[in-house]
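Peer 1: The structure follows.
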Amino acid sequence: MKTHHYIFLTAFLFVLLFYNEEVGLNLGILGIIYAVGTLFKTPEKNKTRTLYVLFGTSILSSIAFAWYGDLSSLLAVTTSLLLLAYKAKNKKMKILLLPPVFILNSCTSLFRFFSFDEWLPKRNASGIWQKTLAFILIPFVLVAIFFGIYSAGSDHFAALFTDYELDINLWQVLCLSVLGFFIAFNYWNYVVERIIYKNNRVLDNDFQRDSQIPKATYSFLDLNSERMSGVVSLLCLNILLIFFIITYNYEQFYEVSKTSVQLSEETHERVNAVIMSIIMAILVIMFYFKSGFNFDPKAGLLKILAKVWIFLNAVLVLSAAVKNYEYIVHYAFTYKRLGVFAFLLLSMIGLILTFIKIQKKKKNAFLFNTMAWYFYGVILVCSSINWGGFITSRNMKRKDFSVNFHFTSINFSEKGLLKYAEEKNNQKLKKDLHDKIKIERSRTFLSKILYYETIK
């Protein structure tokens, strides 16, 4: 099939799947269709291992959305499909350029739509296709658009059609058609502008030969002065960080216990301080090791101090993780407290990659390129695991277990709460849960969230 076939077919399927439906199983089905279509459409030369991995994650994230239908699974399926389409056409392009490519295409889609020669078949297309396009599709689109305009401007004109018994919501069909076509057009027919192609080389992980010559960054500092500046700066920062780690751990583990509110506020403040410290540490190292010092034979001491600073920041991350775990032990699991672990994990990964950057003499772009994939991995994990069920099952073992909080604020906690209601013989909770599940199960087939179909 040609590009225009994919556009019209998936736009038509979008209308079929979402007409008179809520978002649920239908989006999961559509995601699988897009993923399979992309794999078939991709030329053999672009079918790399990365593409097959993205195809698998697109299928899995689509299933995850059909199962949960929440924000994290929506983000996962959207990111997976965009990455799949991006790598299917441009296997060497860096994923950091993905956002500007699709934002630019969304903004220019109206102009690209009217460039018919670029996405519709040429004159040598079959006569049946030409007649279908000329006599059916184009007139239908124009009539639909002007019908909406005239109906909004005249009640009597609208009444000529609404008085008849026609069990079709034309407004909904029109809106779904426009939205479905917009998505399909930008997915199957996106373009990468020349200026973006040119900047792809800037994001390479390794230095070119002409960049491996040690030279000063600024005209007012020679190479020796800049190197010594880095040594003095990192030495002072290491000393400062050692004192901070000592005071940080003393405040966390040895000070007198405080109220839960005070402890919560201080924990968040300290974790924020740790994360900011990690970010600033990576930025400082990126500043000194952006080019010349990676290959400077006299920069041995500078590299040692940088690695020591990375190690000390790793100790700081572990201290924050231990304190967050202790906080959970005292005051139970929540989404935010699990999120702290995710941020600390990403911070640790960032430090490890920074160490690799120095050791392997990589460009700063290496950090961004690699971290982008780790962020994507975190999104996939968040979309595929029932964190609400995990939180509820863990907190149920506590004496201060808050039933109302988990019922109203924790997603997909119904299975755990039903078990809790059985154990405590809480008939009101059981009735409320069954009412909630009944409402979810009453959705039409394409709007269903499969998680609720598995609750007995």
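Yes/no matrix, rows are residues, columns are (1) crowded, with 20+ Cβ neighbours inside 10 Å; (2) part of a helix (DSSP H, G or I); (3) in contact (Cβ under 8 Å) with a residue 60 or more places away in the chain:
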{"residue": "MET1", "(1), (2), (3)": "no, no, no"}
{"residue": "HIS5", "(1), (2), (3)": "no, yes, no"}
{"residue": "ASN20", "(1), (2), (3)": "no, no, yes"}
{"residue": "THR38", "(1), (2), (3)": "yes, yes, no"}
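Peer 1: Follow-up question, since we're still on this one. Does TRP373 satisfy being among the aromatic types (Phe, Trp, Tyr) and within 18 Å of TYR68 (Cβ to Cβ)?
Peer 2: no
Peer 1: Does VAL308 satisfy being of a type outside the set (S, T, N, Q), assigned to a helix (DSSP H, G or I), surrounded by fewer than 17 Cβ atoms within 10 Å (Cβ to Cβ) and free of Cβ contacts under 8 Å to residues at least 24 places away in the same chain?
Peer 2: no
Peer 1: Something else: Out of ALA320, ALA332, ALA365, which single residue is among the small types (Gly, Ala, Ser), in contact (Cβ under 8 Å) with a residue 24 or more places away in the chain, crowded, with 16+ Cβ neighbours inside 10 Å and on the phi > 0 side of the Ramachandran plot?
Peer 2: On inspection, the qualifying residue turns out to be ALA332.
Peer 1: Taking the stretch 54-106 on its own, how many of its residues are farther than 18 Å from MET371 by Cα and among the charged types (D, E, K, R)?
Peer 2: Summing the residues that are farther than 18 Å from MET371 by Cα and among the charged types (D, E, K, R) in the stretch 54-106 gives 3.
Peer 1: Then there's this: What's the total number of residues in the stretch 368-383 that are open to solvent by 70 Å² or more (accessible area, probe 1.4 Å) and touching a residue at least 40 places away in the same chain (Cβ under 8 Å)?
Peer 2: 2
Peer 1: Where residues in the stretch 49-93 are of a type in the set (Val, Ile, Thr) and free of Cβ contacts under 8 Å to residues at least 40 places away in the same chain, which of them is surrounded by the fewest Cβ atoms within 10 Å (Cβ to Cβ)?
Peer 2: Checking each candidate, the answer is VAL53.
Peer 1: Let me ask something else. Given (1) open to solvent by 90 Å² or more (accessible area, probe 1.4 Å); (2) in contact with a strand residue (DSSP E or B) (Cβ under 9 Å, 6 or more places away or on another chain), identify the lone condition not met by ASN404.
Peer 2: So the condition that ASN404 fails would be (2).
Peer 1: Another question about this same structure. Looking at ILE278, ILE352 in this structure, which one is in a helix (DSSP H, G or I) and either polar (S, T, N, Q) or open to solvent by less than 30 Å² (accessible area, probe 1.4 Å) (or both)?
Peer 2: Result: ILE278 is the single residue among ILE278, ILE352 that is in a helix (DSSP H, G or I) and either polar (S, T, N, Q) or open to solvent by less than 30 Å² (accessible area, probe 1.4 Å) (or both).
The values are calculated or read from the model by the stated rules, or taken from the named source; none is laboratory data. All figures in this text were calculated on a predicted structure; none of them were measured in a lab. Every residue, glycine as well, gets a Cβ built from its backbone with ideal geometry; the counts of neighbours run over all protein chains shown. Each accessible area value is taken on the protein alone, full model and side chains, heavy atoms only, with ligands, DNA and RNA left out. Shrake-Rupley method; radii C 1.70, N 1.55, O 1.52, S 1.80 Å.
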